[in-house]
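Taking it in order: structure first as structure tokens, then the write-up.
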Amino acid sequence: MDATDATTLYAELDRRSAAVAEQVIAWRRHLHRHPELSNREGATAELIAGHLTSLGLDEVRTGIAGHGVVGVLRGGRPGGRVVALRADTDALPVADLCGTDFASSAVDRDYPGGPFPVSHACGHDGHTAMLLGAATVLAGVREQLPGTVLFVFQPAEEGPPVTEAGGARQMLAEHALDDPEPTMVFGMHLTPHPKGHVGYRAGNQYAASCLVKITVTGRQVHGSTPGRASTRCRPPPRSSPASASSTASSTPTTRSPSPSATSRTSAASTSSASASPSGAPSAAPSRATWPTSSGA
Ligand SMILES: [Zn+2]
């Protein structure tokens with residue numbers, strides 16, 4: 001493609017972008033009014049797939065990692081490059097306080113941990129609408145494009161429920177980008193910068209969140225006497241064989257650990273059965289997930 005061709009093509013892209021702008025706004029407002037949480041983006045995916053199909057793309061793949069959609073547009077000119085444009089499609093469990101006439105009143109009653117109000121508080125309605133617009137514009141000039149464009153609509157960017165797989169990792173696991181494999185990928189996210197500003201960065205742009213599971217192992221104790229448990233939460237000193245033998249003579253539980261001592265040992269993995277220096281019956285060990293005794 002020479003410079004004249006490129007200039008002509010850019011002008012055509014501008015003209016087509018202006019022509020589709022109202023439709024992009026309408027898509028965005030529709031999606032804003034009908035948000036769906038991560039891994040529940042069924043209606044959103046249906047809208048996406050329906051429009052990509054109407055554009056006559058070479059392929060429209062659906063059901064990837066749940067509700068992911070990938071459209072493939074092969075240009076009419078020779079070229080080996082494959083450019084992927086990606087948008088995320090899911091909403092957040094946040095009430096919509098924007099007050100516009102296209103505000104969301106959606107509530108997901110079945111979502112794990114819910115019910116939750118649902119809104120596009122992270123702007124993915126805008127991303128989805130813009131990528132639909134880009135697909136519309138580029139499909140209109142396909143005969144002039146050297147190479148291939150992938151339109152990647154990714155669900156569950158905010159993270160799926162803990163018991164479900166989903167998101168970008170799952171899309172890759174399901175070979176969403178294997179054939180054709182992109183030469184480069186452009187993702188985009190709205191931010192509250194002044195209108196007309198665009199920032200970019202190669203590599204990672206935003207932080208991601210992840211889940212951390214913490215198991216707290218301690219001793220169950222009544223809330224009125226926390227001090228009775230505090231010393232017993234410490235790992236016991238290692239006892240020499242002689243002292244262990246001595247202790248054993250006075251505290252049979254050392255040689256024949258009580259069920260509670262045994263379970264504590266297996267839970268903490270580092271303690272021995274001699275954690276009760278006085279030999280008195282000790283409170284059962286407790287994990288954070290056990291019911292507490294404070295209500296007794
Ligand atoms: Zn986001």
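Read-outs: derived from the displayed coordinates by stated rules, not from any lab. As the structure is a prediction and not an experimental result, all values here were calculated from the model. Here the Cβ is made from the backbone with ideal geometry for all residues, glycine too, and neighbour counts use every protein chain on show.
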Proxy reagent accessibility, fewest Cβ within 10 Å first, across I214, I48, I25: I214, I25, I48
Hey, how much of the P(r) for region 130-235 falls beyond 17 Å, as a percent of Cα pairs? 74 percent
Residue separation between M184 and R169 times 0.36 nm, minus their alpha-carbon distance, gives in nm 3.7 nm
Tell me, M188, M171, M1 in order of fewest to most beta-carbon neighbours within 10 Å? M1, M188, M171
Let me test this: with uniform point scatterers at the alpha carbons of region 1-108, what is the Debye-based log₁₀ I(q)/I(0) at q = 0.10 1/Å? -0.41
What does the charge count near L150 come to, summing +1 for each Lys or Arg and -1 for each Asp or Glu among other residues with Cβ under 14 Å from its Cβ? 0
With a Cα-only, solvent-free Debye model of region 3-187, what are the log10 I(q)/I(0) values at q = 0.09, 0.13, 0.14, 0.19 Å⁻¹? -0.33, -0.67, -0.76, -1.24
Using per-residue counts of other Cβ atoms within 10 Å, averaged over each peptide, order 141-149, 14-22, 201-209, 123-131 from highest down. 123-131, 141-149, 14-22, 201-209
